[in-house]
1. Give the residues of the range 1-20 that are of a type in the set (A, V, I, L, M) and either farther than 18 Å from residue 86 by Cα or crowded, with 18+ Cβ neighbours inside 10 Å (or both), sorted by residue number.
2. Sort out which residues of the range 106-122 are open to solvent by 50 Å² or more (accessible area, probe 1.4 Å), of a type in the set (A, V, I, L, M) and within 12 Å of the chain's Cα centre (by Cα), and write them in order of number.
3. Here are some residues: 66, 116, 77, 104. Which one is more than 13 Å from residue 16 (Cβ to Cβ) and in contact (Cβ under 8 Å) with a residue 40 or more places away in the chain?
4. Inspect all residues belonging to the range 53-69 and state whether any of them is more than 30 Å from residue 117 (Cα to Cα) and open to solvent by 40 Å² or more (accessible area, probe 1.4 Å).
Amino acid sequence: MKILINIVACIAFIGQFFSFVFNALNQKKPECAVESVYDNFIFVAFLCSLITVGIFVVQYNFDFKLLKTKVTNSFFLVITVLGIYIHVMQLIVLNDFLLTSCVLLLFDYYIMRKILSNLFPSSDLNVE
C-alpha cells in the first residue's frame with residue numbers, strides 16, 4: 001500500500017509543480033506595494049504546497065525522532081497551513097488542478113493530524 005500512496009504522491013507533486021510554474025510565469029507586474037506583497041505571498045505559498053508533498057512522504061514512510069520535536073512540527077505546521085491555502089484556493093477560486101488539489105488536501109489532513117498529535121499529546125483521549 002505504501003508504494004501506491006508514494007506513486008500517487010509523486011504524481012500529485014508533478015501536477016502541483018506544473019501549477020507552481022504556470023503561476024510563477026503568469027504573474028503580472030505589481031502596480032502597488034500591496035500587490036507586490038500579495039504576489040510574493042502567493043509565490044511562497046505555492047512553494048510550500050510543493051514542500052507539503054515532501055513532508056507527507058517523510059512522515060508517512062519514516063519514523064524519525066526528529067519528526068516528533070516541537071520545533072520541527074511547528075515549522076511543518078506553518079508550511080502545511082500555507083499549502084492548504086493554495087489547495088483550497090485552487091479548488092474554490094481558480095478551478096484548476098481539481099483532482100490534484102483534492103489529493104493534496106488529503107495529504108494535508110494526514111500531515112496536520114500527525115503534527116497536532118505530536119504537538120499536543122493527550123493521554124485523556126486514550127482512556128481504556
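1. Just the residues of the range 1-20 that are of a type in the set (A, V, I, L, M), to begin with: 1, 3-5, 7-9, 11-12, 14.
Selection gives 1, 3, 4, 5, 7, 8, 9, 12.
2. As a first pass, look at the range 106-122 and keep what is open to solvent by 50 Å² or more (accessible area, probe 1.4 Å): 106, 109, 113-114, 116-117, 120-121.
With of a type in the set (A, V, I, L, M) added as a condition, the list becomes 106, 116.
The answer is 106, and nothing else.
3. On the way: 66 fails: in contact (Cβ under 8 Å) with a residue 40 or more places away in the chain; 116 fails: in contact (Cβ under 8 Å) with a residue 40 or more places away in the chain; 104 fails: more than 13 Å from residue 16 (Cβ to Cβ).
When all the criteria are applied, what remains is 77.
4. So far as the range 53-69 goes, no, none of its residues is more than 30 Å from residue 117 (Cα to Cα) and open to solvent by 40 Å² or more (accessible area, probe 1.4 Å).
Every residue, every condition in (1) at pLDDT 90 or above; (2) aromatic (Phe, Trp, Tyr); (3) part of a helix (DSSP H, G or I), yes or no:
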position: 7; (1), (2), (3): yes, no, yes
position: 16; (1), (2), (3): no, no, yes
position: 50; (1), (2), (3): yes, no, yes
position: 53; (1), (2), (3): yes, no, yes
position: 56; (1), (2), (3): yes, yes, yes
position: 80; (1), (2), (3): yes, no, yes
position: 86; (1), (2), (3): no, no, yes
position: 89; (1), (2), (3): no, no, yes
position: 96; (1), (2), (3): no, no, no
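The values are calculated or read from the model by the stated rules, or taken from the named source; none is laboratory data. Because the structure is predicted, anything quoted here is derived from the model rather than measured. Here Cβ is always computed from backbone atoms with ideal geometry, including for glycine, and neighbour counts include all displayed protein chains. SASA here: full protein model, heavy atoms, side chains in, ligands and nucleic acids out. Shrake-Rupley method; radii C 1.70, N 1.55, O 1.52, S 1.80 Å.
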